[in-house]
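The values are calculated or read from the model by the stated rules, or taken from the named source; none is laboratory data. Since the structure is predicted, the reported quantities are computational estimates derived from the model, not experimental observations. Note that we place each Cβ from the backbone using ideal geometry, even for glycine, and neighbour counts take in every protein chain shown. These accessible areas exclude ligands, DNA and RNA; they are computed on the full protein's heavy atoms, side chains included. Shrake-Rupley method; radii C 1.70, N 1.55, O 1.52, S 1.80 Å.
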Amino acid sequence: MSQTKILIVEDEKDVLELIRYNLDKAGYVTETALTGQLALDKAIDSKPDLILLDIMLPEIDGLDVCYNLKTNINTKSIPVIMLTAKSSELDVMKGFEMGADDYITKPFSPRDLLVCIQAHLDRKS
């Protein structure tokens, strides 16, 4: 697992650091992006094993980022877990319509997040 790379896309630095801390502690290699455009660039360049993606991002929102990733032949197989405060049924539905593999709402349990990540990585391999 030490070589498993996860891209965390989150514009709130406190939340980003909480996620990064827990993933690093669990043995994952983490990379971060604070904007939607940077997330797309990093996903294409470094091809992470999984992406945690907020919806409310500067430049390009997470839904558009997800759609772009899932329609790009080079990134479509990367699992995308939406991790967002947007929790209405319509928001969840939009996330899945854009190609999200899972949808977790904030606040979240770091332990539950780790279990979800591992389940998606297991399915991918």
If you bin every alpha carbon distance in the chain into 5 Å steps from zero, what whole percent lands in each bin? 2, 12, 25, 27, 22, 10, 2, 0
What is the Å³ per residue value for the convex hull set by the Cα atoms of the stretch 1-68? 64 Å³
For the pair residue 85 and residue 37, how long in nm is the line joining their label points, each one 7 Å along Cα→Cβ? 2.4 nm
What is the distance, in nm, between label points placed 7 Å from the Cα along the Cα-to-Cβ direction at residue 18 and at residue 5? 2.7 nm
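Can you give the charge dipole size of the chain about its Cα centre, rounded to the nearest 20 debye, using +1 on the beta carbon of Lys and Arg and -1 on the beta carbon of Asp and Glu?
420 debye
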Across the chain, qualifying lysine pairs (alpha carbons under 21 Å, at least 8 places apart or different chains) come out at 26
Between residue 29 and residue 73, what is 0.36 nm times their sequence separation minus the Cα-Cα distance? Round to one decimal in nm. 13.5 nm
On the accessible surface of the chain, probed at 1.4 Å with all protein chains in place, carbon and sulfur together account for a percent value of 52 percent
Rank these by accessible area, largest first, 1.4 Å probe: 96, 108. 96, 108
Order 73, 60, most accessible first, counting only protein heavy atoms with a 1.4 angstrom probe. 73, 60
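Over the stretch 37-125, calculate the relative contact order: mean separation of alpha carbon pairs under 8 Å at least 6 apart, over the residue count, as a percent. Walk me through the numbers before you get to the answer.
Values: 109 pairs, mean separation 24.6, N = 89.
Reported as a whole number, the value is 28 percent.
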Whole-Hz ³J(HN,Hα) from phi, Karplus 6.51 cos²θ - 1.76 cosθ + 1.60, for the stretch 53-65, glycine and proline x: 10, 6, 8, 7, 10, x, 6, 10, 6, x, 5, 5, 4
Which of the trypsin sites (Lys or Arg not before Pro) found in the stretch 1-87 are in a DSSP loop and have at most 13 neighbouring Cβ atoms, other than their own, within 10 Å? 76
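What GluC sites (Glu not before Pro) in the stretch 1-79 are in a loop by DSSP, with at most 12 other Cβ atoms within 10 Å of the Cβ?
Taking the stretch 1-79 and a limit of 12 other Cβ atoms within 10 Å, no loop GluC sites (Glu not before Pro) are found.
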Run the 1.4 Å probe and let me know the accessible area of residue 104, rounded to the nearest 10 Å². 30 Å²
Suppose accessible area is computed on protein heavy atoms with a 1.4 Å probe; arrange 77, 88, 125 from highest to lowest. 125, 77, 88
Per residue, how large is the accessible surface of the chain? Use a 1.4 angstrom probe and give square angstrom. 52 Å²
